[in-house]
Amino acid sequence: FFFNATATTEIYTRSLVGSVRCVQETGTWGLLKWRMEKKEMTRKATHAGSWYDKNPETLEGKLEACIKAAEVKAKAGFVKLLIGPHAGYEYCLKTSAWAYANIDPTKYKRVILLGPSHFTTLDGCALSKCSSYETPLGGIEIDTETVATLSKTAGFSFMTKKDDEREHSLEMHVPLIKKVFNTSPFKLVPIMVGSLGVKEEKKFGDIFASFLKDKETLFVASSDFCHWGENFDYAPYNPKEGKIYEYIEKLDRRGIAEIEANNPEGFSKYLRETDNTICGRHAISILLNSIKSTGAKFETKCVAYSQSERLTDPSDSSVSYAAMYSSILSQLTFTQVNTY
């Protein structure tokens with residue numbers, strides 16, 4: 001029989017990188033034709049305009065000024081890892097810039113960004129379903145090939161787009177990454193890290209060790225340090241160690257010393273003893289375990305430290321920020337993790 005008009009039926013299914021739009025067309029001669037159209041999903045810059053500037057020129061100007069003001073401290077080795085905060089740029093951008101000032105973006109083709117989950121209950125690590133990441137400075141391509149590879153590994157799941165766009169710990173690093181890399185080509189792998197035990201941190205550390213040995217991969221761990229005050233249900237204080245802000249810095253510096261020693265066991269012990277509210281502790285622990293797993297000698301240094309407020313009044317609150325880098329000093333046989 002014959003049809004007098006073209007009818008279409010659309011069916012939406014899910015794929016790794018977004019929606020697949022299946023369109024069934026019925027033509028005038030009764031012929032059926034299917035076409036598949038992959039609908040790319042973009043992770044929107046949901047915190048632009050509130051946590052940082054939405055205007056591209058204003059944002060780029062602030063990023064550039066802060067990066068120029070920071071000093072390059074990595075004099076030896078090859079930088080493979082950064083640690084930086086994820087608060088509003090008003091509070092932490094100057095500190096974050098000190099970490100990013102130490103990398104040469106032309107050396108990398110992949111950035112693996114690990115950040116804590118503040119809102120979603122998560123036992124393992126969650127990958128993004130999106131194929132690109134929006135910033136006011138332009139989009140960044142997500143490394144969907146690496147995402148696909150990791151998704152086949154036990155412990156990895158996918159975050160919903162809603163959870164992805166609600167979380168700020170990853171997004172706050174993306175404009176900095178975009179600015180530093182500028183026109184240098186790279187792909188991003190954003191990973192949300194859940195609440196992990198010591199064994200799980202080691203397991204993920206071993207998984208990421210192969211990427212740490214990949215010469216073209218840079219890791220970034222997103223973490224603030226001490227969240228002090230009644231708002232955070234954490235307010236230890238010993239007057240013998242100075243004013244409150246001085247006590248907080250000493251507390252943070254003890255944890256930073258374990259990170260600088262590349263000591264995952266020491267860092268875990270420190271956290272058990274102090275219960276310090278370092279929100280990205282699991283992401284940091286994963287990478288400390290990765291360093292240990294490579295067997296190579298790394299130099300890890302804290303290059304900047306700050307606090308949102310220098311507290312003297314116990315009724316107030318503050319958050320601490322640290323910028324760190326880690327570079328390989330000893331000979332390491334670099335391998336290429338080819339997921340493309």
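The table that follows gives values for the structure above.
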read-out: Solvent-accessible area, 1.4 Å probe, carbon plus sulfur percent, for the range 228-326; value: 42
read-out: The chain: equivalent-ellipsoid semi-axes (sqrt of 5 x gyration tensor eigenvalues, Cα, Å); value: 40, 22, 20
read-out: Cα-based equivalent ellipsoid of the range 139-241: semi-axis lengths in Å, sorted from largest, via gyration tensor; value: 29, 19, 16
read-out: For the chain, built as a Gaussian network whose Cα springs stay under 10 Å, the top-fluctuating residue of Glu57, Glu258, Glu171; value: Glu57
read-out: Cα-based convex hull volume of the range 118-189 per residue, rounded to whole Å³; value: 86
read-out: Heavy-atom accessible area ranking, 1.4 Å probe, most first, across Phe267, Phe158; value: Phe158, Phe267
read-out: DSSP-defined beta bridges in the chain - what % are antiparallel, rounded to 5; value: 60
read-out: Burial ranking of peptide ranges 188-194, 136-142 (average Cβ count within 10 Å, highest at the top); value: 188-194, 136-142
read-out: Protein accessible area in the range 62-187, 1.4 Å probe - carbon and sulfur %; value: 50
read-out: Amide H contacts under 5 Å for Ile83, placed H, 5+ residues apart; value: Ala221, Met324, Tyr325
read-out: Hydrodynamic radius of the range 52-155 per Kirkwood, over alpha carbon pairs, in Å; value: 16.2
read-out: Solvent-free Debye scattering, log10 I(q)/I(0), computed from the Cα coordinates of the range 221-284 at q = 0.12, 0.13, 0.21, 0.25 Å⁻¹; value: -0.29, -0.34, -0.86, -1.14
read-out: Per residue value of the accessible surface for the chain (all protein chains in place, 1.4 Å probe), Å²; value: 47
read-out: Percent of beta bridges antiparallel (DSSP, the range 95-207, rounded to nearest 5); value: 30
read-out: Dimensionless Rg/Rh of the range 186-340 - Kirkwood Rh, Rg from C-alpha atoms; value: 1.01
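The values are calculated or read from the model by the stated rules, or taken from the named source; none is laboratory data. Just so you know, these numbers come straight off a predicted model, no measurement behind them. Cβ atoms come from the backbone with ideal geometry, glycine included; neighbour counts cover every protein chain shown. Surface areas here come from the heavy atoms of the whole protein model, side chains and all, with no ligands, DNA or RNA. Shrake-Rupley method; radii C 1.70, N 1.55, O 1.52, S 1.80 Å.
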